[in-house]
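Asker: Have a look at this one.
The values are calculated or read from the model by the stated rules, or taken from the named source; none is laboratory data. All of these numbers come straight from a predicted model, not from anything done at the bench. Positions of Cβ are backbone-derived with ideal geometry, glycine not excepted, and every protein chain shown enters the neighbour counts. For accessibility, only protein heavy atoms count, side chains too; no ligands or nucleic acids. Shrake-Rupley method; radii C 1.70, N 1.55, O 1.52, S 1.80 Å.
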Amino acid sequence: MSSAPDSRTGSLSKGERRFARLLVPAALLVGAALPLGLVFHARAANGVHGFPLDDPWIHLTYARTLHQHRSFAYFPGDPATAGSTAPLYTLLLAAGFGATSDEKLLSYALGIAFHLGFLILFARWASRSLGSAAWALGALLLVALDRRVGILTVSGMETSLFLLLVAWAFCARQAPRGWSWGLAVGLAVWVRPDGLVLALGFGLRDLFAWLRRPADTVFDARSRLLPWVPLSLLVIGYGLFNFSLGRELLPNTFAAKTALYAAKSRGEFVTGQLQSFLLGHGWLLLMPFALVAGAVTGGQLLGRREAPLADEAAFGLGLPLAYLALLPFAHRFERYLVPALPALAILSLGGLRQALAWVRRRAPALAGRALPVSLGAVLVVACVLHAQGVALAVTEYRYYCHYHYQRHERTGRWIAAHTPPGAVVAAHDVGAVGYYSQRRIVDLAGLVSPEIVRHMGKPDYFEQLHRIFGREKVTHLALLRSWLELDNVEPLFVAHPVPEVMEVYAWAPPRAHLVPPHVTAERNLAAYELSSGRVAVGHERLKRLAREDPQSARTWMLLAEASLRRGDRPAGRKALDRVLRLNPDHPVARAWVARLARGAT
């Protein structure tokens, strides 16, 4: 429901207006400092620029193909697919490739530009919602100095653009006849499907206001319905775009991530990622006030009273609830939930103001001295906790940039240098591998290979992978062993051995064997039991695994070790023979057989 600024907050005093002029410079200064500091520190520590996620290279690969070949495909010549969650962001990256070929510089520049635009609009949004430039500055600092916002700004992801469009939508909603919020929300849907949650929240708030309007109120249909024209056209266009590429109204990534993560426990999501998102660092002290403000807003709506924070409550609380219901997973840095932070910041400080007003009414004696002291202590502690988050962001950003450079980027570059141009690579992390290898990719997680999605988590998954590998003429695999293990062949390249092993293999069926992930996990547990001295327990576990998956040389190798440690040389030798039948090149098995032949143990 559009409304004038004065109906929400009241006009600002002359002093407040003077203070409000400082918000934009503060937004620019604070907004640029943290992300730029993260980039420069990581570059100095790692020796190269990087990204803290693998997904940015998915956007970049689509954008490069679009720029060079005018096709929304992952590899030139392949069919177009709806594998980009953020087609608008991909289009902007494609346009950016006309100015620079440096993919990291391009991503950093766009991220910081969108971030600064977001903070400028957020300062305006918060001033109007909170009715105070001082309180708006507090909200601005809470968001700008949040470690997750700083990291995602220079992560190569679409988050900053989405935040910019969310802030534009809220600012437009506050204008007397602000219709452009429909355009902003429609564009936001083209950046993340989460924009539909924003549209739903605005729509329900408008519907609720219309149903509970006084009987003598004139319904201004034109101003109420006008924003829904661009919003509807953009949402319909988004659905048609995805349907034309993937026969689904949402991007293929939605189905892939749902198949991959929907089985996760909602209880663990609430007590883990959602709790961390809502109560991390300075939010620990302030977020409870958001719940207070949300409850007050609900009471205002039910009582047909003005509810100035209804839009913020709908999106700030609605987005986490949508993920809880549809996809209980927030990903690294809780990045799927981060767009709710600005609304929650306003809701938190709005709730704090409501609590202060209540204390002044009910206990005016406290308002003289104890209340300001208590409030000051809360804000100081919140700032200290937030500063700890900034320090953590520096460490996290450096670590994860190095992590993905060592495993994903180096793997992609190795494939480019050591495989023929016609090689076809199957991988489950396809971002940097696809971008730097410039080889055709079969995506084992289904993000850019839609056919695989319907088999994920099903009994026929491995059978279908073999069929698809044959049809697509897969020549190599690039795998993190903790996600999917290939056995019975030796790797051509090991990018980084710890803590997650990234390896490149030649695909050589029928010898090469894909190991079910639960077998890998159980074998790792058995290895731990052997190293801890619980040989009998580990031995029994390995015997069961060998019966369940008899084609894994690594399982038989551990079973040989367990048998020999128990003094059962015939069983150990039998297990070693099985290893060499499955993998004749296994160096450790060959060495052990030679030792046993000499009578050594």
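Asker: Of all residues being in contact with a strand residue (DSSP E or B) (Cβ under 6 Å, 6 or more places away or on another chain) and part of a helix (DSSP H, G or I) in region 552-577, which is least open to solvent (accessible area, probe 1.4 Å)? Just the residue, please.
Answerer: Ala553
Asker: So, in region 204-251, of the ones that are outside any loop (DSSP other than H, G, I, E, B), modelled with pLDDT under 85 and open to solvent by 50 Å² or more (accessible area, probe 1.4 Å), which residue ends up farthest from Arg454 (Cα to Cα)?
Answerer: Applying the filter and picking the extreme gives Arg222.
Asker: Same structure again: Does at least one position in region 578-597 carry a residue that is acidic (Asp, Glu), part of a loop (DSSP other than H, G, I, E, B), at pLDDT below 90 and open to solvent by less than 70 Å² (accessible area, probe 1.4 Å)?
Answerer: no
Asker: Could you list all residues from region 269-286 that are touching a residue at least 24 places away in the same chain (Cβ under 8 Å) and within 17 Å of Leu321 (Cβ to Cβ)?
Answerer: Phe269, Val270, Gln273, Leu274, Ser276, Phe277, Leu278
Asker: Mind telling me which of the residues Ala445, Ala478 ends up being in contact with a His (Cβ under 9 Å, 6 or more places away or on another chain), under 23 Å from Pro421 (Cβ atoms) and in contact (Cβ under 8 Å) with a residue 12 or more places away in the chain?
Answerer: Ala478
Asker: Do any strands (runs of 3 or more DSSP E) entirely within region 457-543 hold 1 or more residues that are out of contact with any helix residue (DSSP H, G or I) (no Cβ under 8 Å at 6 or more places or on another chain) and open to solvent by less than 10 Å² (accessible area, probe 1.4 Å), and if so, which?
Answerer: Qualifying strands (runs of 3 or more DSSP E): 476-480, 485-487, 502-506.
Asker: May I ask you to verify whether Arg335 is modelled with pLDDT under 90 and either under 30 Å from Thr395 (Cβ atoms) or not hydrophobic (A, V, I, L, M, F, W, C) (or both)?
Answerer: No; evaluated as a whole, the condition is false for this residue.
Asker: Further, regarding this structure: Among the residues of region 292-306, is any closer than 19 Å to Gln174 by Cβ and in a loop (DSSP other than H, G, I, E, B)?
Answerer: Yes, that holds for at least one residue.
Asker: Give me the pairs, please: first residue somewhere in region 572-600 and polar (S, T, N, Q), second residue anywhere and in a helix (DSSP H, G or I) and open to solvent by less than 80 Å² (accessible area, probe 1.4 Å), beta-carbon distance under 6 Å, and either six or more positions apart or on two chains.
Answerer: As it stands, the answer is Asn583/Ala553, since those pairs meet every condition given.
Asker: Output the qualifying pairs, or none if there are none: Cβ atoms under 6 angstrom, residues six or more apart or on different chains, first residue in region 310-333 and within 21 Å of Ala169 (Cα to Cα), second residue open to solvent by 30 Å² or more (accessible area, probe 1.4 Å).
Answerer: Gly318/Val197; Leu319/Val197; Ala322/Val197
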